[in-house]
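Peer 1: Sending over a structure as structure tokens; questions will come in a sec.
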Amino acid sequence: MAWSIGANDVANAMGTSVGSGALTIKQAVIIAAILEFAGAFFVGSHVSETIRNGIISPELFRGSEIDLVFGMMGALLAAAIWLQVASYFGWPVSTTHSIVGSVLGFGVMYGGLRAAKWIMVAEIVASWIISPVMSGVIAFFLFSLLRRWIYASHDAVGAAKRVTPYLVFLVFVVLTLAMVFKGLQNLNLDLGFDDALLVATQIGIVASLISYGLVKRIRPTEIKEREVLNQPDSVGKGIKRILRQLNKISREARGEIKDQLSTLAQHLRIIDDEVERGIMVERGSSEYATVQRIFVYLQILSAAFIAFAHGANDVANAVGPLAAIITVLKTGQTSMQAPVPLWVLVLGGVGVVAGLATWGWRVILTIGKKITELTPTRGFVATFSAAVTIVFASKLGIPISTTHTLVGGVLGVGLARGISALNLRVITEIAISWLVTIPAGAIGAILIYYLLKALFA
């Protein structure tokens, strides 16, 4: 299960950094490996919920505790198998929802419909919409503002230098809050929101002042080719004319040629949209390269924070059911909470890192390349929007998925450049995989429970 979490969940957290070119896959794996393991081992919960999110009650198993062991083993295996399938196809799905669906299916099968806490299930289903929409809206407006403030400016580098200290302040405030609510909660720091906000603000001010000094020292990247910001009207008209012809040819083509022409038309529509808005900084310009260099650091920082918080919090998806099994086998009793042995946390951390290093590239490719084209600026906005959503949801007590918020952030960035910038086929596949996650886990857990019971009971 931990290996599957690494292959799917951790990979999508690093996908924006790899897709934008801020990090290579090797660098992303090394950074995520260190931070995920550190989060799981040093900050991960040493007292875990035995049944994730309290979906079913352990009272059901009084007198037949061994059934809980079979059920939790079935839930772990079912969730892991579904995550393997999703990772193979590159679908970024929620590992939390996978284990919840597995536990829910086994619980309802064992104790009937009354055994489940349906209010909790309804909240999880609602989060399928809330998570990506909230993150997507934030990403859409933030990216639109950055394009107006920086890329539409006659001095893009100067504008980026002026905006960066404010962005650094926001990044450190939001990510510190995200850490407190999503990651460091396991240390029982018990900081109230007001105290946490005060600490985050102080950290943000210090970081902002440091960034101000560092950004001033950045010099424009030397690039010989330099293109103007605002294109002549003839360029836009010519692109539209070519696009009409390309669409006509694409409709008549067949097979692989048709796919290649459709891809070419999609890229041309993106260029047409940006030229029409008149705010496109060309990839060949020194302004573009310098601005992106600034955002590379912001994006890596955001990804690093999320990786640490993820390791601290979501490793519980693997160790929670295992803690339930160990408790029953050692004491013969069931409970809502159980101590997590140190070796289990190590096992979870190592499994997460192994999953990212082996199959993680598949989901990284989907998040970073297939949904929409990413740059360091777009990747930063998507990751930062996910962190903002996590903070708001944690404060309001809304159960959300890190995966869903990140995908929503990427969608919001793409949508800010027009619907043509999005790969609707890939988005449809992801949406279907989200809907299938809970029933796939539930059915798998039930089948594996009966198999284990037949073999060992």
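Peer 1: Within the group Ala324, Ala357, Ala312, which residue is in contact with a strand residue (DSSP E or B) (Cβ under 8 Å, 6 or more places away or on another chain) and either among the acidic types (Asp, Glu) or closer than 20 Å to Ala2 by Cβ (or both)?
Peer 2: None of the others qualify; the one that does is Ala324.
Peer 1: State whether one or more residues within region 152-163 are surrounded by fewer than 22 Cβ atoms within 10 Å (Cβ to Cβ), of a type in the set (Ser, Thr, Tyr) and part of a loop (DSSP other than H, G, I, E, B).
Peer 2: yes
Peer 1: I'm told Tyr151 meets every condition in (1) in contact (Cβ under 8 Å) with a residue 12 or more places away in the chain; (2) within 22 Å of Gly204 (Cα to Cα); (3) of a type outside the set (A, V, I, L, M, F, W, C) except one. Can you identify the failing condition by its number?
Peer 2: All conditions pass for Tyr151, except number (2).
Peer 1: Checking Val381 against (1) under 30 Å from Phe141 (Cβ atoms); (2) out of contact with any helix residue (DSSP H, G or I) (no Cβ under 7 Å at 6 or more places or on another chain), which single condition isn't satisfied?
Peer 2: (2)
Peer 1: A follow-up question, please. Please name all residue pairs, on different chains or six or more residues apart, with Cβ atoms under 7 Å, provided the first residue is in region 434-457 and is among the β-branched types (Val, Ile, Thr) and the second residue is in a loop (DSSP other than H, G, I, E, B).
Peer 2: Hits for this filter: Thr437/Val93; Thr437/Ser94.
Peer 1: Also, quick follow-up: If Thr263 satisfies every condition in (1) modelled with pLDDT of 75 or more; (2) among the hydroxyl-bearing types (Ser, Thr, Tyr); (3) crowded, with 16+ Cβ neighbours inside 10 Å but one, which is the exception?
Peer 2: In the conditions (1) modelled with pLDDT of 75 or more; (2) among the hydroxyl-bearing types (Ser, Thr, Tyr); (3) crowded, with 16+ Cβ neighbours inside 10 Å, Thr263 misses (3) alone.
Peer 1: Yes or no: Arg417 in contact (Cβ under 8 Å) with a residue 60 or more places away in the chain and over 19 Å from the mean Cα position of the chain (by Cα)?
Peer 2: Yes: the conditions hold for Arg417.
A quick yes/no check of all residues on (1) modelled with pLDDT under 80; (2) part of a helix (DSSP H, G or I); (3) over 15 Å from the mean Cα position of the chain (by Cα); (4) buried (at least 24 other Cβ atoms within 10 Å of the Cβ):
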residue: Ser335; (1), (2), (3), (4): yes, no, yes, no
residue: Val350; (1), (2), (3), (4): no, yes, yes, no
residue: Gly368; (1), (2), (3), (4): no, yes, no, yes
residue: Arg378; (1), (2), (3), (4): no, yes, no, yes
residue: Phe384; (1), (2), (3), (4): no, yes, no, yes
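Peer 1: Now a separate question. Pairs under 8 Å by beta carbon, first residue farther than 12 Å from Ala7 by Cβ and touching a residue at least 24 places away in the same chain (Cβ under 8 Å) in region 78-97, partner of a type in the set (Ser, Thr, Tyr) and not in a helix (DSSP H, G or I), six or more apart or different chains?
Peer 2: Matching pairs, first to second residue: Ser94/Ser401; Thr96/Ser401; His97/Ser401.
For (1) of a type in the set (Gly, Ala, Ser); (2) assigned to a loop (DSSP other than H, G, I, E, B), each residue gets a yes or a no:
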| site | (1), (2) |
| --- | --- |
| Arg362 | no, no |
| Leu374 | no, yes |
| Thr403 | no, no |
| Val410 | no, no |
| Ser420 | yes, no |
| Pro439 | no, no |
| Ala454 | yes, no |
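Peer 1: Condition first: among the small types (Gly, Ala, Ser) and either part of a helix (DSSP H, G or I) or under 13 Å from the mean Cα position of the chain (by Cα) (or both). Now tell me which residues in region 10-28 satisfy that. Walk me through it before giving the result.
Peer 2: Of all residues in region 10-28, those among the small types (Gly, Ala, Ser) come to 11, 13, 15, 17, 19-22, 28.
Answer for region 10-28, where residues must be among the small types (Gly, Ala, Ser) and either part of a helix (DSSP H, G or I) or under 13 Å from the mean Cα position of the chain (by Cα) (or both): Ala11, Ala13, Gly15, Ser17, Gly19, Ala28.
Peer 1: Further question: Which number in (1) closer than 30 Å to Leu455 by Cβ; (2) out of contact with any strand residue (DSSP E or B) (no Cβ under 8 Å at 6 or more places or on another chain); (3) surrounded by fewer than 21 Cβ atoms within 10 Å (Cβ to Cβ) marks the one condition that Ala116 misses?
Peer 2: Ala116 satisfies all of (1) closer than 30 Å to Leu455 by Cβ; (2) out of contact with any strand residue (DSSP E or B) (no Cβ under 8 Å at 6 or more places or on another chain); (3) surrounded by fewer than 21 Cβ atoms within 10 Å (Cβ to Cβ) except (2).
Peer 1: Now for a separate question. Just to be sure, is Phe106 among the aromatic types (Phe, Trp, Tyr), in contact with a Phe, Trp or Tyr (Cβ under 9 Å, 6 or more places away or on another chain) and buried (at least 22 other Cβ atoms within 10 Å of the Cβ)? It would help to see each step written out before you state the result.
Peer 2: Details: among the aromatic types (Phe, Trp, Tyr): yes; in contact with a Phe, Trp or Tyr (Cβ under 9 Å, 6 or more places away or on another chain): yes; buried (at least 22 other Cβ atoms within 10 Å of the Cβ): yes.
Yes, satisfied.
Peer 1: Residues of region 62-107 being among the β-branched types (Val, Ile, Thr) and either at pLDDT below 90 or in contact with an Asp or Glu (Cβ under 9 Å, 6 or more places away or on another chain) (or both), which ones?
Peer 2: Ile66, Val69, Val93, Thr95, Thr96, Ile99, Val100, Val103
Peer 1: Just one of Ile300, Ile279, Ile249, Ile218 is at pLDDT 75 or above and in a loop (DSSP other than H, G, I, E, B); which is it?
Peer 2: Working: Ile300 fails: in a loop (DSSP other than H, G, I, E, B); Ile279 fails: at pLDDT 75 or above; Ile249 fails: in a loop (DSSP other than H, G, I, E, B).
When all the criteria are applied, what remains is Ile218.
Peer 1: Now, a different point. Looking only at residues that are out of contact with any Phe, Trp or Tyr (no Cβ under 8 Å at 6 or more places or on another chain), small (Gly, Ala, Ser) and modelled with pLDDT of 80 or more in region 164-215, which one is surrounded by the fewest Cβ atoms within 10 Å (Cβ to Cβ)?
Peer 2: Gly213
Peer 1: Go through region 410-437 and count every residue that is among the β-branched types (Val, Ile, Thr), closer than 22 Å to Arg378 by Cα and surrounded by 22 or more Cβ atoms within 10 Å (Cβ to Cβ).
Peer 2: 3
Peer 1: Here's another thing I want to ask about it. Count, please, the residues in region 384-414 that happen to be out of contact with any helix residue (DSSP H, G or I) (no Cβ under 8 Å at 6 or more places or on another chain) and touching a residue at least 12 places away in the same chain (Cβ under 8 Å). Full working, then the answer.
Peer 2: The initial filter retains those residues of region 384-414 that are out of contact with any helix residue (DSSP H, G or I) (no Cβ under 8 Å at 6 or more places or on another chain), namely 396-397.
From what's left, touching a residue at least 12 places away in the same chain (Cβ under 8 Å): none.
The number of residues fulfilling the criteria is 0.
Peer 1: Take the residues in region 88-143 that are in a helix (DSSP H, G or I) and among the charged types (D, E, K, R); name whichever of them is nearest to Arg62 (Cα to Cα).
Peer 2: For region 88-143, the residue satisfying everything is Arg114.
Peer 1: Let me ask something else. Can you tell me which of Val346, Val319 is modelled with pLDDT under 80 and in a helix (DSSP H, G or I)?
Peer 2: Just one listed residue meets the conditions, Val319.
Peer 1: Let me ask you something else. Among the residues of region 245-265, what is the count of those that are within 20 Å of Ala421 (Cα to Cα) and without any contact (Cβ under 8 Å) to a residue 12 or more places away in the chain? Before the answer, list the steps.
Peer 2: The initial filter retains those residues of region 245-265 that are within 20 Å of Ala421 (Cα to Cα), namely 245-248, 250-251, 258-265.
Still in the running and without any contact (Cβ under 8 Å) to a residue 12 or more places away in the chain: 245, 248, 251, 258-260, 263.
Number satisfying all stated conditions: 7.
The values are calculated or read from the model by the stated rules, or taken from the named source; none is laboratory data. From a predicted model like this one, the values you see are computed outputs, not experimental measurements. All Cβ positions, glycine included, derive from the backbone under ideal geometry; neighbour counts span all protein chains shown.
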